[in-house]
Amino acid sequence: MCKKLRVLLLDNNLAGAPLPPATFTEPLSHNIELTRADCMAQIPTHLPNHAPDVILLVLESPDAHGLETLRKIRASAPAVPVVLLTAVDDDALAAQALQAGAQECLIMGPQHGQLNARDLLRALRHAVERKRREDALFAEKDRTQAVLNCIDDAVVCTDAAGNIRFLNLAAEKMSGWPLQEAGGRPISTVLQILDGVSREIVASRVDIEAGRGAPMHRAGDSLLLRRDKIEIPIEYSVAPVHGVAASVAGTVLVFREIGAAREMARAAQKMALEMAHSAQHDYLTGLPNRMLLNDRVDHAIATAPRHLSKVAVLFLDLDGFKHINDSLGHSIGDKLLQSIAQRLLNCVRAADTVSRRGGDEFVVLLSEMEHDEDAAVSATRIMEAIKEVHSVDQHDLYVTASIGVSVYPDDGLNSETLIKNADTAMYYAKENGRQKYQFFKPAMNVRAVVRQSIKESLRPALRRREFALHYQPKIRLLTGEITGAEALIRWTHPVRGTVSPAEFIPLAEDCGLILSIGNWVLREACKQALNWLGAGLPLGTMAVNVSAMELRHENFLEGVLAVLDETGLDPAYLELELTETVLMKNAESTTSILKALRTKGVQIAFDDFGTGYSSLSHLRKFPLDALKIDQSFVHQLSTAPDETTILTAIIDIGRKLKLRVIAEGVETKEDLAFLQAHDCEEAQGYYLSRPLPPEQFAKLLQSGLQRAPLVLHPRLMGGQLAGLRR
Ligand code: C2E
Ligand code: MG
Ligand code: MG
């Protein structure tokens, strides 16, 4: 049985049309507990006593006065629904009454017939129920807003058209937009969300995604552009709100600032990814490094039988890169390597791998090859591509490549062997004239073994006294007198016999032994010079060759001065020969070391001049005393007699810079005659004397040149050369 409805009746029927008495008779009295208030003033007193479920206000007409009464009731009893009963059938007035807070507006009158008691009861119950629902909804909405305003995440709601309907406090704070101003505006004009990577505005995408009905979450890499244009890193979610019949009624956008801890976690993750990448890639070119290459080669080998294919490894080393790097500097060298990397990538298929091994060495893996010839075609294509000009900064650079090729399965069954054999083949390509490709042959390994064994036997050579110095004279061309000696190291290997310095010095540099060998040479040469000078022999200077690693060593200067000190040789008798490669390594510090040496009286000679990349531009830079013209220019006198311009130009430049000019590699009397005719000051070469062991050189100093090495050039006839033997 239904609980009785407590009704407070205010019959404000001023016109005197009372509520029909039948209205509240049976069966209504079973269901209603009725209290009457005679006037508005009584309502507040009735409220606490009767706690009505509903107030029934009877008005003849809801005119201004009647509506005022209604408002007063609503104000004094906001929780109690009010049902209006009136005799006037006016839609506009009824609407006003509803707006003023009536829950229901019932019409009764002659045209509408008397109000049936049952209908009245139903209307009253509906009013109570509707009010209860409205209150619940209101409370729910209130609670939701309170919750939303309590959370730290920003929440924005839009309607179906994308206009903002709600912003919680966090959203107001983060965006800089108060709800009052943002409400009703399109979301895209209020909230600018940028993609952190492309910096494209994604607010419109937010609408689109939501419109599609697909909830979306972006974990990071997004930026909120605040009203004051400050960008905040955020993550956000967006989801559609569905109305009736699943139509989209709007969007909810939730976003939050990515906090410092989170940012750090993301940065750490990013760093881990970058570290994983850099562990497998070359920092300069971004190409796979040797570790990743090995993996790829092994993978290609593993899949080759399935595809009935071959795998080739091309080991590539640039010719002359060292000169470019040394003379133009590392930054240009680096850019050239990047340009090479790009050319290599352009030459291969997507399935192939181009990797950098370090320095100027690259390895290309050709997977799924049908014939060995395919590797030859690729090698040729690569060499052609590399030799084209590389424009780096303002320089037009030319460089060539030598390539060694090994093929699976013939030349190796794993990555290590294949790469090692391709490397060996590359050495052969280099030794046989460079800018070539060379397929690996098993016999080549013998050579590699030889190099390794030489390296191993270099170590005990000093201790076993296997080294000796030979001395080659330098001759003043005008007088034929010996101006000095160049100390040249000789190694007698217990098994192999004589090993040329051209062969073992680079190996000694490779393994660092050059430091102790160089020190031995310097001490030995100084002692020898002092010995000859002490014996009254006219030695002139004693020249000692210095390699790059020696000069670069932090104690080089102190080392040289210490040897001079120990041996007691006057520094003025010592000349150091340095090639351009040696000079250009750390040009700045080299200059200061050379200046310090010259201050002590040591002379500096530029060895093998003319073969470097930028010799001329650096001639002025270094403190020099002598210029030794590289043998190749003198050899050209016999091989290309018409191309003497460079040789004569170098002699000229040297003289103008007030340097002693010494021509190396004089092998014939024609060479000598030419140099004499072109006023070259000094010469050195087999024609004059080969490098000699100390005893023989001492004899040469005693007696002068026994052979008649000098020819008289017609221009020099007539007295000046009276002292020279013919
Ligand atoms: P370099 O300093 O340019 O020495 C000249 C080289 O040319 C010597 O070769 C010498 O024997 C050779 N030579 C002299 N006259 C002629 C000639 O008329 N025709 C030809 N074809 N060659 C001639 P060597 O002794 O084999 O030395 C080769 C290079 O090894 C030297 O070139 C120098 O760079 C290096 N070297 C020699 N001894 C030492 C040393 O004690 N320390 C260092 N660091 N390097 C050395
Ligand atoms: Mg030399
Ligand atoms: Mg030389």
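The values are calculated or read from the model by the stated rules, or taken from the named source; none is laboratory data. Keep in mind that this is a model prediction, so the values were computed, not measured. Methodologically, a virtual Cβ is constructed for each residue, glycine included, from the backbone with ideal geometry; neighbour enumeration extends over all protein chains shown.
General remarks:
- Qualifying residues in region 497-548 (those that are polar (S, T, N, Q) and over 26 Å from Glu580 (Cβ atoms)) - the one surrounded by the fewest Cβ atoms within 10 Å (Cβ to Cβ): Thr498
- Residue, nearest to ligand 2 (Cβ to nearest atom), within region 664-689, restricted to residues that are part of a helix (DSSP H, G or I) and in contact (Cβ under 8 Å) with a residue 40 or more places away in the chain: Leu675
- Taking each residue of region 423-450 that is under 15 Å from Val363 (Cβ atoms) and looking for partners that are among the basic types (Lys, Arg) with beta-carbon atoms closer than 6 Å, six or more apart or interchain, yields Ala429/Lys436.
- Those strands (runs of 3 or more DSSP E) lying entirely in region 432-503 with at least 2 residues in contact with a Gly (Cβ under 7 Å, 6 or more places away or on another chain): 482-493
- Residue pairs meeting the criteria (Cβ under 8 Å; at least 6 apart or on separate chains; first more than 10 Å from Ala461 (Cβ to Cβ), in region 499-516; second within 9 Å of ligand 1 (Cβ to nearest atom) and assigned to a loop (DSSP other than H, G, I, E, B)): Ile505/Ser547; Glu509/Ser547; Ile514/Ser547
- Unmet criterion (only one of (1) within 16 Å of ligand 1 (Cβ to nearest atom); (2) crowded, with 16+ Cβ neighbours inside 10 Å; (3) assigned to a helix (DSSP H, G or I)) for Ile651: (1)
- Which listed residue, of Gly333, Gly320, Gly329, is on the phi > 0 side of the Ramachandran plot and within 22 Å of the chain's Cα centre (by Cα): Gly329
- Verdict on Thr590 being in a helix (DSSP H, G or I), within 16 Å of ligand 3 (Cβ to nearest atom) and either touching a helix residue (DSSP H, G or I) at 6+ places or on another chain (Cβ under 9 Å) or among the basic types (Lys, Arg) (or both): no
- Count - residues of region 626-648 that are within 16 Å of ligand 1 (Cβ to nearest atom), within 24 Å of Ser327 (Cα to Cα) and not in a strand (DSSP E or B): 6
- Complete set of residues in region 578-610 that are modelled with pLDDT under 85, out of contact with any Ser or Thr (no Cβ under 7 Å at 6 or more places or on another chain) and within 14 Å of ligand 1 (Cβ to nearest atom): Thr581, Lys585, Gly610
- Sole residue being of a type in the set (Gly, Ala, Ser) and modelled with pLDDT under 95, chosen from Ser331, Ser355, Ser406: Ser331
- Boolean, Phe440 is under 19 Å from Ile301 (Cβ atoms) and buried (at least 21 other Cβ atoms within 10 Å of the Cβ): yes
- Glu466 passes every criterion in (1) modelled with pLDDT under 90; (2) more than 40 Å from the chain's Cα centre (by Cα); (3) acidic (Asp, Glu) apart from (1).
- Flag for Leu561 being aliphatic (A, V, I, L, M), assigned to a loop (DSSP other than H, G, I, E, B), in contact (Cβ under 8 Å) with a residue 12 or more places away in the chain and out of contact with any Ser or Thr (no Cβ under 8 Å at 6 or more places or on another chain): no
- For Ser453: the one exception among (1) away from ligand 1 (no atom under 14 Å from the Cβ); (2) over 30 Å from Glu431 (Cβ atoms): (2)
- Qualifying residue in region 595-605 (condition: within 42 Å of the chain's Cα centre (by Cα), part of a helix (DSSP H, G or I), more than 16 Å from ligand 2 (Cβ to nearest atom) and of a type outside the set (S, T, N, Q)): yes
- Every pair of residues 6+ apart whose Cβ atoms lie under 7 Å, when the first sits in region 569-585 and is within 13 Å of ligand 3 (Cβ to nearest atom) while the second is of a type in the set (Ser, Thr, Tyr): Glu575/Thr541; Glu580/Ser327; Glu580/Ser615; Val582/Ser547
- Residues being surrounded by fewer than 14 Cβ atoms within 10 Å (Cβ to Cβ), over 22 Å from the mean Cα position of the chain (by Cα) and outside any helix (DSSP H, G or I) - total across region 351-390: 5
- Number of the exception - Arg465 against (1) more than 16 Å from ligand 2 (Cβ to nearest atom); (2) under 30 Å from Met426 (Cβ atoms); (3) free of Cβ contacts under 8 Å to residues at least 12 places away in the same chain: (2)
- Boolean, Val661 is in contact (Cβ under 8 Å) with a residue 40 or more places away in the chain and within 20 Å of Gln472 (Cβ to Cβ): no
- Note on region 221-257: residues that are loosely packed, with under 15 Cβ neighbours inside 10 Å, in a strand (DSSP E or B) and under 39 Å from the mean Cα position of the chain (by Cα) amount to 1.
- Glu554 meets each of the listed conditions (1) modelled with pLDDT of 95 or more; (2) away from ligand 1 (no atom under 16 Å from the Cβ) apart from (1).
- For Glu575: the one exception among (1) of a type outside the set (A, V, I, L, M); (2) part of a helix (DSSP H, G or I); (3) within 16 Å of ligand 1 (Cβ to nearest atom): (2)
- Conditions (1) within 14 Å of ligand 2 (Cβ to nearest atom); (2) in contact with a Lys or Arg (Cβ under 6 Å, 6 or more places away or on another chain); number of the one not met by Val544: (2)
- Residue tally, condition small (Gly, Ala, Ser) and either within 16 Å of ligand 2 (Cβ to nearest atom) or surrounded by 13 or more Cβ atoms within 10 Å (Cβ to Cβ) (or both), over region 634-648: 0
- Within region 193-219, the set of residues being of a type in the set (D, E, K, R) and either modelled with pLDDT under 60 or surrounded by 18 or more Cβ atoms within 10 Å (Cβ to Cβ) (or both) comprises Arg205, Asp207, Glu209, Arg212, Arg218.
- Taken over region 648-686, the residue count meeting the criterion of being out of contact with any strand residue (DSSP E or B) (no Cβ under 6 Å at 6 or more places or on another chain), within 16 Å of ligand 3 (Cβ to nearest atom) and not acidic (Asp, Glu) is 3.
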